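K.L.:
Attaching a single structure in structure tokens format; questions to follow.
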Amino acid sequence: MDQNKAPLLEALADYHRLDRYGFTPPGHRQGRGADPRTLEIMGSDPFRDDVLSTAGVDDRKSSGEFLSKAEELMAEAVGADKAFFSTCGSSLSVKASILAVTKGSGDLLIGRDAHKSVVAGIILSGLQPRWIRPLWDRDLHIAHPPSPEEVEKMWQRYPDAAAALITSPTPYGTCADIEKIAEICHSRGKPLIIDEAWGAHLPFHDRLPTWAMDAGADICVVSVHKMGMGFEQGSIYHLQGNLVDPVRLSQCADLLSTTSANVMIYAAIDGWRRQMVQEGQSLLEKALHLADSVRTDIDAMDGLHVLGPELIRAEASHDFDPLHVLIDVAELGISGYQAIDWLRANCRIDLGLNDHRRIEATLSQSDDDQTTERLLTGLQELIEAAPEMPKPPKVQLPEPEDLEMETVLLPRDAFFGPVENVPAEEAVGRIAAEQITPYPPGVPAILPGERINAAVVDYLRTGATAGMVLPDPADPTVKTIRVVAHQRDQ
């Protein structure tokens, strides 16, 4: 195929060139009816490009096949058999993958460091999760992806499970040994799903961790908006091999997806694929060189440490992505929550992942000396301001074994069954009816169906006091917790 083509982008250009006009949604008519005050802030281009996919960019029968051609180009570019675009984020793509491989029943082996979207898929499907123990780092209090040995143990315990699902890279940038895990799954004729939301860029440079398709995964889900150049909600799920029915996978996505897909998201994915085929190696080489320099500069700052070798030491992760610049601020005497809030308020710099002692800057091909100098300057100012900051409240960190709570009820049954709110201290020993997720990184500490223990309650309550964000529980302060009502609690 001609990888210099971008079918969706070219079709959108033709739409404008031909001066089409639709008496269809969207009602703003390419911005004609939009509030001028809105246009003043947003500009007219987003509205101009917000047109229908069918009976818009394509005809009512989609006879131009612009989307399918763009998906075929993407699959060829990354070495997958098939690629499917999604405008509902990797959260939908993961759910669709889960439904496709399990057919909505039975057991699924899942790394316990899975994202909350995976848990949502389990709740919706009614599946029985069989949690694979991650590689817990007791010193750093980080969960790395499960080892092949742990995956093997779980297959021996649950040989009838439908598939295994592993998150790699994690939000910290650490990666699983996907090749060995795939061999273990395939020796049993079972598929492997990789939630590679943070790895859209991996196929395009050989210094980055191994791309899941190259390592033998059957389904790989990526978020183009994270480490690629797409809009928020842009996602792709890739498929290869004969262990997953591509028609069922597509139809499962159709069950969950919107019928009003955003053409701008599709077109941005299409354009990004063309850019990466043409320039990806050089663009990522620049980004990696910049990351090396930034990591060195930050690590040399008083009170800051950039994690690197300790992320891939024995009993840690198999590999890591150096574009994730994970910074320990504990020596400054402040928390990651304080650091990230201070940088936003005083330097107008936003960072993503944060916890009791770390913050993370993710670099991409968009960054350069100017943007990273802004980061370095902000961090230096943070160092100077830290002595005047109040001492952070202590977070009661649980031991790894405390985070592996017993699942005693199907997550679906616990979530949808009779529930009651109880004071957090009374929730100990009860069965959770909601998930409670420190965000970011979005890995639930409590899942529906798990028997709650005191250590995790203390962790979440002290974390909330210290600045941890908990977006999904009914009570984000964790003073109360939703649990299964007594008549079902046994």
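The values are calculated or read from the model by the stated rules, or taken from the named source; none is laboratory data. Small disclaimer: the values here were computed from a predicted structure and weren't measured. Positions of Cβ are backbone-derived with ideal geometry, glycine not excepted, and every protein chain shown enters the neighbour counts.
K.L.:
Tell me which residues, restricted to segment 144-172, are under 17 Å from E196 (Cβ atoms) and either assigned to a loop (DSSP other than H, G, I, E, B) or not assigned by TED's automatic domain parsing to the domain that holds P129 (or both).
P.N.:
P145, P146, A163, S168, P169, T170, P171, Y172
K.L.:
Can you tell me how many residues within segment 264-278 are buried (at least 23 other Cβ atoms within 10 Å of the Cβ) and either among the basic types (K, R) or over 22 Å from the mean Cα position of the chain (by Cα) (or both)?
P.N.:
The total comes to 1.
K.L.:
Let me ask something else about it. For segment 174-197, name all the residues that are under 20 Å from W136 (Cα atoms) and buried (at least 24 other Cβ atoms within 10 Å of the Cβ).
P.N.:
Taking segment 174-197 first, the residues under 20 Å from W136 (Cα atoms) are 174-178, 180-181, 194-196.
Listed by number, the residues that qualify are T174, C175, A176, I178, I181, I194, D195, E196.
K.L.:
Pick out the one residue from L92, L99 that is farther than 29 Å from I359 by Cα and in contact with a helix residue (DSSP H, G or I) (Cβ under 6 Å, 6 or more places away or on another chain). Don't jump to the end; show me each part of the working.
P.N.:
Details: L92 fails: farther than 29 Å from I359 by Cα.
Result: L99 is the single residue among L92, L99 that is farther than 29 Å from I359 by Cα and in contact with a helix residue (DSSP H, G or I) (Cβ under 6 Å, 6 or more places away or on another chain).
K.L.:
Within segment 279-315, which residues are modelled with pLDDT under 95 and either surrounded by fewer than 18 Cβ atoms within 10 Å (Cβ to Cβ) or of a type in the set (F, W, Y) (or both)?
P.N.:
Result: G308, P309, E310, I312, R313, A314, E315.
K.L.:
Please identify the pairs in which a residue from segment 411-429 that is closer than 15 Å to H486 by Cβ and polar (S, T, N, Q) has its Cβ atom under 6 Å from the Cβ atom of a residue that is part of a strand (DSSP E or B) and at pLDDT 95 or above, counting only partners at least 6 apart or on another chain.
P.N.:
N421/T480; N421/R482
K.L.:
OK, next. Could you give every pair whose Cβ atoms fall below 9 Å, whose first residue belongs to segment 125-143 and is assigned to a helix (DSSP H, G or I), and whose second residue is crowded, with 18+ Cβ neighbours inside 10 Å, counting only separations of at least 6 or pairs across chains?
P.N.:
Within 9 Å, the pairs are S125/K95; S125/I98; S125/L99; S125/T102; S125/L108.
K.L.:
Turning to a different aspect of this structure: Quick one: in segment 237-263, which of the residues that are crowded, with 21+ Cβ neighbours inside 10 Å and either in a helix (DSSP H, G or I) or at positive phi (or both) is nearest to the chain's Cα centre (by Cα)?
P.N.:
Among those residues, the one meeting the criterion is A253.
K.L.:
Could you figure out which of (1) in contact with a Pro (Cβ under 7 Å, 6 or more places away or on another chain); (2) of a type outside the set (D, E); (3) at pLDDT 95 or above isn't true of G352?
P.N.:
Here G352 meets the rest and fails (3).
K.L.:
Now for a different question. How many of the residues in segment 317-366 are of a type in the set (F, W, Y) and not in a helix (DSSP H, G or I)? Before you say what the answer is, go through the steps one by one.
P.N.:
Step one: filter segment 317-366 for residues of a type in the set (F, W, Y), giving 320, 337, 342.
After this cut, where a residue has to be not in a helix (DSSP H, G or I) as well, the list is 320.
Qualifying residue count, segment 317-366: 1.
K.L.:
Considering only residues that are of a type outside the set (A, V, I, L, M, F, W, C), in a strand (DSSP E or B) and surrounded by 21 or more Cβ atoms within 10 Å (Cβ to Cβ), which ones fall in segment 107-124?
P.N.:
Here is the first cut: in segment 107-124, the ones of a type outside the set (A, V, I, L, M, F, W, C) are 107, 111-113, 115-117, 121.
Okay, now just the ones that are also in a strand (DSSP E or B), so 107, 111.
Scanning segment 107-124 gives a single hit, G111.
K.L.:
Residue check: is F47 closer than 30 Å to L243 by Cβ and either at pLDDT below 95 or surrounded by 13 or more Cβ atoms within 10 Å (Cβ to Cβ) (or both)? So that I can check it myself, show each step before the final result.
P.N.:
Numbers: closer than 30 Å to L243 by Cβ: no; either at pLDDT below 95 or surrounded by 13 or more Cβ atoms within 10 Å (Cβ to Cβ) (or both): yes.
So F47 fails the test.
K.L.:
Pairs under 7 Å by beta carbon, first residue touching a residue at least 24 places away in the same chain (Cβ under 8 Å) in segment 321-348, partner of a type in the set (S, T, N, Q) and in a strand (DSSP E or B), six or more apart or different chains?
P.N.:
L323/T362; H324/T362; Y337/N354
Table: residues versus (1) modelled with pLDDT of 95 or more; (2) more than 14 Å from S90 (Cα to Cα); (3) small (G, A, S).
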position	(1), (2), (3)
A164	yes, yes, yes
R207	no, yes, no
T210	no, yes, no
M213	yes, yes, no
I219	yes, no, no
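K.L.:
If I193 satisfies all but one of (1) touching a Pro at 6+ places or on another chain (Cβ under 9 Å); (2) at pLDDT 95 or above; (3) in a strand (DSSP E or B), what's the number of the condition it fails?
P.N.:
Failed condition: (1).
K.L.:
Is there a residue being farther than 21 Å from D254 by Cα, surrounded by 13 or more Cβ atoms within 10 Å (Cβ to Cβ) and in contact with an Asp or Glu (Cβ under 6 Å, 6 or more places away or on another chain) anywhere in segment 4-12? Give the steps one after another, and end with the answer.
P.N.:
So the first thing to find is which residues in segment 4-12 are farther than 21 Å from D254 by Cα, and the list is 4-7, 9-12.
Narrowing further to those that are surrounded by 13 or more Cβ atoms within 10 Å (Cβ to Cβ): 5-7, 9-12.
In the following step, the residues that additionally are in contact with an Asp or Glu (Cβ under 6 Å, 6 or more places away or on another chain) were identified as 6, 9.
There is at least one residue in segment 4-12 that is farther than 21 Å from D254 by Cα, surrounded by 13 or more Cβ atoms within 10 Å (Cβ to Cβ) and in contact with an Asp or Glu (Cβ under 6 Å, 6 or more places away or on another chain).
K.L.:
In this structure, does G104 turn out to be at pLDDT below 90 and of a type outside the set (S, T, N, Q)? Explain how you work it out, then say what you get.
P.N.:
Values: at pLDDT below 90: yes; of a type outside the set (S, T, N, Q): yes.
Judged against the criteria, G104 is a match.
K.L.:
Among the residues of segment 258-270, is there at least one that is in the same structural domain as V101 (by TED's automatic domain parsing) and aliphatic (A, V, I, L, M)?
P.N.:
There is no residue in segment 258-270 that is in the same structural domain as V101 (by TED's automatic domain parsing) and aliphatic (A, V, I, L, M).
K.L.:
State which residue is nearest to the chain's Cα centre (by Cα) when the search covers only segment 84-94 and only residues that are assigned to a helix (DSSP H, G or I) and within 16 Å of H238 (Cβ to Cβ).
P.N.:
Here is the first cut: in segment 84-94, the ones assigned to a helix (DSSP H, G or I) are 89-94.
In the following step, the residues that additionally are within 16 Å of H238 (Cβ to Cβ) were identified as 89-90, 92-94.
Working: G89: 9, S90: 7, L92: 11, S93: 11, V94: 10 Å.
Among those that are assigned to a helix (DSSP H, G or I) and within 16 Å of H238 (Cβ to Cβ), it is S90.
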